[in-house]
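Remarks on the structure that follows.
The values are calculated or read from the model by the stated rules, or taken from the named source; none is laboratory data. On a predicted model such as this, the values are computed, not experimentally measured, just so you know. Virtual Cβ from ideal backbone geometry, glycine too; neighbours counted across all protein chains shown. SASA here: full protein model, heavy atoms, side chains in, ligands and nucleic acids out. Shrake-Rupley method; radii C 1.70, N 1.55, O 1.52, S 1.80 Å.
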Amino acid sequence: MQPPGRENRSGERPHTVIEELALEFADALETLAPLPSAFLGHSMGGLVAYLTARLLAERNGRVPEHLVVSSCLSPAERGACQQNTRSLRERILAFGGIPAAIQASPELFDMFQSVIAEDIAMSDAYLHVPAAPLACAITVYSGNDDAAARPARAPQWQRMTQYDLKMRSFVGGHFFLYADPDATARALIEDLGLYRLPSGAVP
C-alpha cells in the first residue's frame, strides 16, 4: 500500500501521525472482499501493518491470516527510539545499505533524507497502547547485521500474537529485504503455506 507523499502519491499531503496512516489503510482494506490475506511491512511499515491489523480486529475481527514484520522492533519497544541522541544523518547512515552515490552528494542525500525523516519522526512519536494479542500468526524477519532492529529483539513480538511466534534471520543489514529479494520471496512463500490456519481453527 502506497502512503501519501510517496511515488505515485507524491502530490498528496503525507501523514504525520502513524495511527492516521494505519487508519487510511484499514479503511481501504475494508472496501475489498473478505478474502484470506497476509500483511508484510518493512521497517516502519511493520508497525503500520501491525496497527492496521489491530484496527481491523477491533472493528470487525477481520484480521489477516499472517502478519510478517521485517526489520521492525516490537510496538512495545518503540519508546527506546525517543531517547536517541544521534543526528538524523547518523541515524539514517546507521541503517546501512544507503548507496554511495547518495551519501557522497549533499543534494541527493537531502532529497533522500527528507523522505526518511518523515518516517523516523512518525515512528519516534508512536506511543504503544497495549491491546489484546492478534488472532493471526506473526513472523519476524531480521537482518543479522541490522543495528536498528537486532534479531535478538525479535522475540518481543510474541506478546502481539495468540500463536507461537516464528522468526527468520537473513544475511544483511536493515535493508536485507531489497539486497536479496529472491531469498525473501522464497521464505515468504514457505511461511504463508506453513502457517495458513484451517477455517475455524482455535489458537
Under-5 Å amide H pairs with PHE170, H placed in peptide plane, nonlocal only: SER142, GLY143, ASN144
Accessible surface, per residue, of the chain when the full set of protein chains is kept, probe 1.4 Å, Å²: 53 Å²
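When the accessible area of the chain is computed with all protein chains present and a 1.4 Å probe, what percentage of it is carbon and sulfur?
Working: 6220 of 10840 Å².
About 57 percent, which is the carbon plus sulfur part of the accessible surface.
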In degrees, nearest ten, helix 106-125 long axis to first principal axis of the chain (Cα): 40 degrees
Listed peptides 61-74, 141-154 by packing density, highest first (mean Cβ within 10 Å): 61-74, 141-154
Residue with peak Gaussian network fluctuation, the chain [Cα springs, cutoff 10 Å], from THR139, THR16, THR31: THR31
Percent of beta bridges antiparallel (DSSP, the chain, rounded to nearest 5): 0 percent
Structure-derived P(r) over Cα pairs in 10 Å bins from 0, in percent - corresponding label in (1) 8, 32, 37, 20, 3, 0; (2) 9, 32, 33, 15, 7, 4, 1; (3) 8, 34, 38, 17, 3, 0: (3)
Cα long-axis angle, helix 181-194 against the chain (0 to 90 degrees, to the nearest 10): 20 degrees
Relative contact order, percent, the range 1-156 [alpha-carbon distance under 8 Å, six or more residues apart]: 27 percent
Integer Hz, Karplus 6.51/-1.76/1.60 couplings in order for the range 30-43, x for Gly and Pro: 5, 7, 8, 4, x, 8, x, 9, 9, 10, 10, x, 10, 6
Residue-averaged [θ]222 nm for the chain, counting only DSSP H segments that reach four residues, each worth -39500 (n - 2.57): -12000 deg cm²/dmol
Using alpha-carbon coordinates, inclination of helix 44-60 to the longest axis of the chain, degrees: 30 degrees
